[in-house]
1. Within the range 12-28, restricting attention to residues that are assigned to a helix (DSSP H, G or I) and aliphatic (A, V, I, L, M), which residue is most open to solvent (accessible area, probe 1.4 Å)?
2. Can you run down the residue pairs with Cβ atoms below 6 Å, 6 or more apart or on separate chains, where the first is in the range 29-51 and without any contact (Cβ under 8 Å) to a residue 60 or more places away in the chain and assigned to a helix (DSSP H, G or I) and the partner is open to solvent by less than 90 Å² (accessible area, probe 1.4 Å) and of a type outside the set (Val, Ile, Thr)?
3. When you go through (1) in contact with a His (Cβ under 9 Å, 6 or more places away or on another chain); (2) part of a helix (DSSP H, G or I) one by one for residue 8, which number turns out not to apply?
4. Report, by residue number, each residue of the range 18-57 that is at pLDDT below 95 and hydroxyl-bearing (Ser, Thr, Tyr).
Amino acid sequence: VLASPIAWYFLHEWLQSYTYRTEISGWIFVFSGLGALVVTLLTVSYQSIKAALVNPINSLRSD
């Protein structure tokens, strides 16, 4: 939330130096943030389910 306006400002200034200019929309930041959130939730969910399904007796025997 804090980095998005700063990133938009610097990207906007950087893109102004090109001959063919394009605009940066806010939806790009929204979709990239949502994509990062989805990847994080999937990774944490997968690791949590994997840890919950492991039999604790097997890990205690190997230690």
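The values are calculated or read from the model by the stated rules, or taken from the named source; none is laboratory data. Keep in mind the model is a prediction, meaning the values are calculated, not measured. A quick note on method: Cβ atoms are made from the backbone with ideal geometry, for glycine too, and the neighbour counts reach across all protein chains shown. For the accessible areas, the whole protein counts, side chains as well, though only heavy atoms, and no ligand, DNA or RNA atoms are used. Shrake-Rupley method; radii C 1.70, N 1.55, O 1.52, S 1.80 Å.
1. 28
2. Every condition considered, the pairs that remain are 29/4.
3. Here residue 8 clears every test but (1).
4. If the condition is that a residue be at pLDDT below 95 and hydroxyl-bearing (Ser, Thr, Tyr), then 18, 19, 20, 22, 25, 32 are the ones that fit.
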